[in-house]
Amino acid sequence: MAVGEETVVDLRGLRCPYPVLRAKKAMRTVPVGTVLVLECTDPLSVVDVPHFFNQTGHELIDQASDGTLHVFRIRRTK
């Protein structure tokens, strides 16, 4: 679901490596400058998601957790 310049991707219930793979696929479908909001429940996503997007050159804007839900905001830069 797109909200302005943000696209929310619900990755709840998916385990490694699927959150990163689905996020990568979603990143290819949005225009440069769009922010992907990833909602994950996999505990390893707090390591995997930032690492993957730092390697690919996209901008990790924000990361927050409430215990079980991990939310990442990543801007597509290229």
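A few comments on the model shown:
- Taking the range 22-69 as the range and being hydrophobic (A, V, I, L, M, F, W, C) and in contact with a Leu (Cβ under 9 Å, 6 or more places away or on another chain) as the test, the residues that pass are 23, 26, 27, 30, 38, 40, 49, 53.
- The single condition among (1) at pLDDT below 95; (2) over 16 Å from residue 10 (Cβ atoms) that residue 29 does not meet is (2).
- For the chain, the strands (runs of 3 or more DSSP E) that sit wholly inside it and include 2 or more residues that are polar (S, T, N, Q) and surrounded by 11 or more Cβ atoms within 10 Å (Cβ to Cβ) are 59-65.
The values are calculated or read from the model by the stated rules, or taken from the named source; none is laboratory data. All figures in this text were calculated on a predicted structure; none of them were measured in a lab. Here the Cβ is made from the backbone with ideal geometry for all residues, glycine too, and neighbour counts use every protein chain on show.
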